[in-house]
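Engineer: For reference, the structure I am asking about is given below.
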Amino acid sequence: MQKTISIQTLRRLPAYLHYLRVLKGRGTANVSATMIAGELKLNDVQVRKDLAVVSGSGRPKTGYEIEKLISDIECCLGCGNADTAVIIGAGKLGCALLTYKGFLEYGIDIVAAFDIDRNIIDTTVNGKQVFSVEKLPAFCSEFKINIGIITVGANDAQKACNMLIENGVTAIWNFAPVHLAVPSHVLVQDENLGSSLAILSKHLAVKSVSDKKS
Ligand SMILES: NC(=O)c1ccc[n+]([C@@H]2O[C@H](COP(=O)([O-])OP(=O)(O)OC[C@H]3O[C@@H](n4cnc5c(N)ncnc54)[C@H](O)[C@@H]3O)[C@@H](O)[C@H]2O)c1
């Protein structure tokens, strides 16, 4: 029976996977939870708990076998059995996401983008076709699309979201700065680079005050 994985654990898995792949590339065969925790600035008890859910326990002294751990995390993240995703809005951000090849390593295959701008429709970005948004229903029914990525402006985001849901998408990665109303069977993950920048900005402001005092 598969163990339940918390959202917090899921959020940490890509970082574990990245570090483990780096270690594997260096020819390292085993790793301890303490070493992972040290590298990723996490608590080692937390790391052990996370890895116990996806892979079981490490061995005393030798720790975890890196190859097996990578394979277990990949399996948990759905790598090798990627969820298919489409982008709505092939503007600056949409194209940047289309261009990034790394999502496949985390189990998401962005297969196409949709837009309303005639100058963009029927072009390709990183080998991915940009279609007219009118073709979304036919595309979704032909290819099983699991994830919709919204990169349109705030005013168009709810419309794009509704269209995705009408065509069977139940997981939405939303980059538009707007709250999306969705039925309970749909999960929306809001992404906002601004919140990370706010933390950096706050850090600099606090540092500047303490520098002035000293
Ligand atoms: N979350 C973040 O950290 C973050 C960072 C940057 C941008 N954004 C947001 O991402 C969105 C896109 O930003 P951008 O700079 O790429 O804008 P952009 O104007 O370059 O791109 C938007 C694209 O959406 C298309 N579009 C508009 N309505 C549409 C519809 N109904 N269906 C399909 N396509 C449609 C436009 O033709 C355009 O190509 C904005 O909402 C912006 O605020 C979020």
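Engineer: Compute the whole-percent fraction of alpha carbon pairs in the range 83-194 spaced more than 17 Å apart.
Structural biologist: Values: 2974 of 6216 pairs.
Here the tail beyond 17 Å accounts for 48 percent of pairs.
Engineer: Run the quick spin-label model on Ser210 and Lys144: label points 7 Å from Cα toward the beta carbon, then report their separation in nm to one decimal.
Structural biologist: 5.2 nm
Engineer: Could you give the length gained by full extension between Gln46 and Thr99, i.e. 0.36 nm per residue of separation minus their alpha carbon distance, to one decimal place? Display every interim value, and only then the final one.
Structural biologist: Values: separation 53, 0.36 × 53 = 19.08 nm, distance 3.38 nm.
My answer for the length gained is 15.7 nm.
Engineer: Now for a separate question. What does the extension gain come out to for Asn192 and Val111, with contour length at 0.36 nm per residue minus their alpha carbon separation?
Structural biologist: Numbers: separation 81, 0.36 × 81 = 29.16 nm, distance 2.29 nm.
Result: 26.9 nm gained on full extension.
Engineer: Here is a further query. Based on the Kirkwood radius over alpha-carbon pairs, what is the Stokes-Einstein translational diffusion coefficient of the range 7-77 at 10 °C with 1.306 mPa s viscosity, in µm²/s? All intermediate terms of the calculation are to be shown ahead of the outcome.
Structural biologist: Working: Rh = 11.8 Å.
Rounded, D is 135 µm²/s.
Engineer: While we're on this one: Restricting to bridges with both residues inside the chain, how much of the DSSP beta-bridge set is antiparallel, in percent to the nearest 5? List each step's numbers first, then the result.
Structural biologist: Values: 5 of 26 bridges.
If we restrict to bridges inside the chain, about 20 percent are antiparallel.
Engineer: Using only Cα atoms, find the angle between the long axis of helix 154-166 and the longest principal axis of the chain, and express it within 0 to 90 degrees, rounded to the nearest 10.
Structural biologist: Relative to the chain, helix 154-166 is tipped by roughly 90 degrees.
Engineer: Highest GNM mean-square fluctuation, the chain, Cα pairs closer than 10 Å: which of Ala198, Ala52, Ala138?
Structural biologist: Evaluated over the chain, the most mobile residue of the options is Ala198.
Engineer: Provide the per-residue ³J(HN,Hα) series for the range 53-63, in order, calculated from phi with Karplus coefficients 6.51, -1.76, 1.60 and θ = phi - 60°, each as a whole number of Hz, with x at glycine and proline positions.
Structural biologist: 5, 8, 9, x, 8, x, 8, x, 6, 8, x
Engineer: Which value at 222 nm does the chain reach when only helices count, each DSSP H run of 4 or more adding -39,500 (n - 2.57), with the total divided by all residues and rounded to the nearest 500 deg cm²/dmol?
Structural biologist: One gets -14500 deg cm²/dmol as the mean residue ellipticity at 222 nm.
Engineer: For a Förster distance of 35 Å, can you work out the FRET efficiency between the beta-carbons of Thr28 and Cys75, rounded to the nearest 0.05? Walk me through the numbers before you get to the answer.
Structural biologist: Working: r = 21 Å, r/R0 = 0.59.
Taking R0 as 35 Å, the efficiency between Thr28 and Cys75 is 0.95.
Engineer: For the chain, just say rounded, prolate or oblate: build the C-alpha gyration tensor, square-root its eigenvalues into a ≥ b ≥ c, call rounded for a/c under 1.5, and beyond that prolate if a/b exceeds b/c, oblate if not. Each step should come with its number before you reach the end.
Structural biologist: On the way: a/c = 2.13, a/b = 1.41, b/c = 1.51.
Verdict is oblate for the chain.
Engineer: With the crude spin-label approximation of a point 7 Å out along Cα→Cβ, what separation in nm comes out for Ile5 versus Ala154?
Structural biologist: Using points 7 Å along Cα→Cβ, the separation is 3.4 nm.
Engineer: Name the lysines eligible as straight-distance cross-link partners of Lys144: C-alpha to C-alpha under 17 Å, and not fewer than 8 places from it in the same chain.
Structural biologist: List returned: Lys128, Lys135.
Engineer: Turning to a different aspect of this structure: Expressed as cubic angstrom per residue, what is the convex hull volume of the alpha carbon set of the range 129-182? Please report the intermediate quantities before stating the final value.
Structural biologist: On the way: hull volume 4.3 nm³, N = 54.
In the range 129-182, the Cα hull volume divided by residue count equals 80 Å³.
Engineer: Next up: Mind checking the log10 I(q)/I(0) for the range 83-145 at q = 0.16 Å⁻¹? Debye, one equal scatterer per Cα, no solvent, two decimals.
Structural biologist: Each listed q maps to, in turn, -0.46.
Engineer: Below 8 Å between Cα atoms, with a sequence gap of 6+, how large is the relative contact order for the range 7-77 in percent? Mind showing how you got there, number by number?
Structural biologist: On the way: 62 pairs, mean separation 27.1, N = 71.
Relative contact order, the range 7-77: 38 percent.
Engineer: Excluding Met163 itself, what net charge comes from residues whose Cβ is under 14 Å from its Cβ, given Lys and Arg +1 and Asp and Glu -1?
Structural biologist: Details: positive: Lys135, Lys159; negative: Asp115, Glu134, Asp156, Glu166.
Surrounding charge for Met163 is -2.
Engineer: Please arrange Ile121, Ile7 by how many other C-beta atoms lie within 10 Å of their C-beta, fewest to most. Let's see the in-between values first.
Structural biologist: Numbers: Ile121 18, Ile7 7.
Fewest-to-most Cβ neighbours within 10 Å comes out as Ile7, Ile121.
Engineer: Could you list the residues of the range 10-31 with an amide nitrogen less than 11 Å from a label point located 7 Å from the Cα of Glu39 in the Cα-to-C-beta direction?
Structural biologist: The answer is 15-31.
Engineer: If you don't mind, another one. Which of Ser71, Ser141, Ser184 moves most in a GNM of the chain, Cα contacts under 10 Å?
Structural biologist: Between Ser71, Ser141, Ser184, it is Ser184 that shows the largest mean-square fluctuation.
Engineer: On to the next question. Describe numerically, in nm with one decimal, the distance between label points set 7 Å from Cα along Cα→Cβ at Thr124 and at Asn162.
Structural biologist: 3.4 nm
No value in this document is a laboratory result; all are computed from the given coordinates. Since we're looking at a predicted model, the values are computed, not measured. Note: ideal-geometry Cβ built from the backbone for every residue, glycine included; neighbour counts use all protein chains shown.
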